[in-house]
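Chemist: Here's a structure for you.
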Amino acid sequence: MNEKVKELGCENTYFAEGHGLSDENYSTANDLLVIAQYAMENPLFREIVSTEYYQPDGFIYPFFNTNQLIA
């Protein structure tokens, strides 16, 4: 992950662990923008983050996206 963000030009981002819960992880708002723009180039990622409602077969409780920017 650290190699990829450097490739993207992020200079103020560091990942110590994949889950991002460590105190050693950090990023700036600008770097997060660069990472998000790169992620949005992936059609599957775009589909997932723009899904408003999803209920897989066999699941009782559906998933709702509460992001008001896509509603």
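Chemist: With angles folded into 0 to 90 degrees, how steeply does helix 29-39 sit against the dominant principal axis of the chain? Use alpha carbons for both and round to 10.
Modeler: Its long axis makes an angle of about 60 degrees.
Chemist: Could you grab the relative contact order for region 1-60? Cα pairs under 8 Å, six or more apart, rounded to a whole percent.
Modeler: 23
Chemist: Over region 1-40, what lengths in whole Å, largest first, do the semi-axes of the equivalent ellipsoid take, defined as the square roots of 5 times the eigenvalues of the alpha-carbon gyration tensor?
Modeler: Those come to 16, 10, 10 Å.
Chemist: Please state the equivalent ellipsoid semi-axes for the chain: what are the square roots of 5 times the Cα gyration tensor eigenvalues, largest first, in whole Å?
Modeler: After diagonalising the Cα gyration tensor, the semi-axes are 29, 15, 12 Å.
Only the coordinates and a few stated rules stand behind these numbers; no lab work does. Please read all numbers here as calculations on a predicted model, not as lab measurements.
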